[in-house]
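Comments concern the structure below.
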Amino acid sequence: MIEKRRKLPPGRLIIASHNDGKATEINALVAPFGIEAVSAKKIGLNDPEETGKTFAENAIIKARAAADAANLPALGDDSGLAVAALDGAPGIYSARWAGEPRDFGFAMKKIEQQLRERGAQDLSACFVCALCLAWPDGGEEVFEGEVKGKLTFPPRGDNGFGYDPIFIPDGYDVTFGEMAPDAKHAMSHRANAFRKLTKACLKND
């Protein structure tokens, strides 16, 4: 039996994020479907406290808060970098490792330092993304994606955001920070999760 998913019609969608880079990526993904995406930051919504234990739980918290506050459908995204030799850290705490205000240069140095302190030879890592599409009436759909790769130091490239300059996806010899945005959008963890969302909620059966 095929699970039926709720469809998202063209119109306004709140991106439940104060991360400008993340909002830009998601906006590029939804625009072809006639969806006008606006970030929670742009309309003055507060960030809810992320109390979830998983990426999916935090995505739901963010999407639900934005949908309820704006009375519009909202897309929550929780994503991060999981490093094998650091037992999956920083994981759901990826943004918090960068502190306030967000300094991912500091966070990348922290990862490098901890790997060195452990004498780690394994530099494998993966980016994980959970997307939650939430409606004001309480409906929710959740989709997850990931992309595997390895870390490199020092950071390379000025494209992307977050930990992109230290992550080389499998099958490539450039970091996300060196990759053209369109190329990254086509194969990133967010793109993989979004493909599932698109098939289920944006495209007609």
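Below are the figures for this structure:
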quantity	calculated
Test result for Lys110, among the basic types (Lys, Arg) and either open to solvent by 70 Å² or more (accessible area, probe 1.4 Å) or not in a helix (DSSP H, G or I) (or both)	no
Close pairs from the range 1-25: first open to solvent by 90 Å² or more (accessible area, probe 1.4 Å), partner at pLDDT below 80 and not small (Gly, Ala, Ser), Cβ under 9 Å, at least 6 apart	Ile2/Asp205; Lys4/Asp205
Identity of the residue in the range 69-107, surrounded by 18 or more Cβ atoms within 10 Å (Cβ to Cβ) and acidic (Asp, Glu), that ends up nearest to Thr198 (Cα to Cα)	Asp77
Subset of the range 121-137 [of a type outside the set (S, T, N, Q) and surrounded by fewer than 15 Cβ atoms within 10 Å (Cβ to Cβ)]	Asp122, Asp137
Residue in the range 58-67 that is touching a helix residue (DSSP H, G or I) at 6+ places or on another chain (Cβ under 9 Å), open to solvent by less than 60 Å² (accessible area, probe 1.4 Å) and not small (Gly, Ala, Ser) present	yes
Which listed residue is surrounded by fewer than 17 Cβ atoms within 10 Å (Cβ to Cβ) and under 17 Å from Ala125 (Cα atoms), from Asp164, Asp158, Asp173	Asp173
Search result, residues across the range 35-70 that are assigned to a helix (DSSP H, G or I) and under 20 Å from Tyr93 (Cβ atoms)	Phe55, Ala56, Glu57, Asn58, Ala59, Ile60, Ile61, Lys62, Ala63, Ala65
Any hit, the range 36-53, residues being under 17 Å from Gly138 (Cβ atoms), open to solvent by 60 Å² or more (accessible area, probe 1.4 Å) and out of contact with any Phe, Trp or Tyr (no Cβ under 6 Å at 6 or more places or on another chain)	no
Which listed residue, of Glu146, Glu140, is open to solvent by 70 Å² or more (accessible area, probe 1.4 Å) and modelled with pLDDT of 95 or more	Glu146
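Here is a yes/no grid of residues against (1) free of Cβ contacts under 8 Å to residues at least 12 places away in the same chain; (2) among the aromatic types (Phe, Trp, Tyr); (3) in contact with a helix residue (DSSP H, G or I) (Cβ under 8 Å, 6 or more places away or on another chain):
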{"site": "Ala56", "(1), (2), (3)": "no, no, no"}
{"site": "Leu81", "(1), (2), (3)": "no, no, yes"}
{"site": "Ala85", "(1), (2), (3)": "no, no, yes"}
{"site": "Asp103", "(1), (2), (3)": "yes, no, no"}
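The values are calculated or read from the model by the stated rules, or taken from the named source; none is laboratory data. Bear in mind that the values here come from a model prediction, so they are computed numbers and not experimental data. No Cβ is skipped: glycine too gets one built from the backbone with ideal geometry, and neighbour counts run over all protein chains shown. The area values use the complete protein model at the heavy-atom level, side chains included, leaving out ligands, DNA and RNA. Shrake-Rupley method; radii C 1.70, N 1.55, O 1.52, S 1.80 Å.
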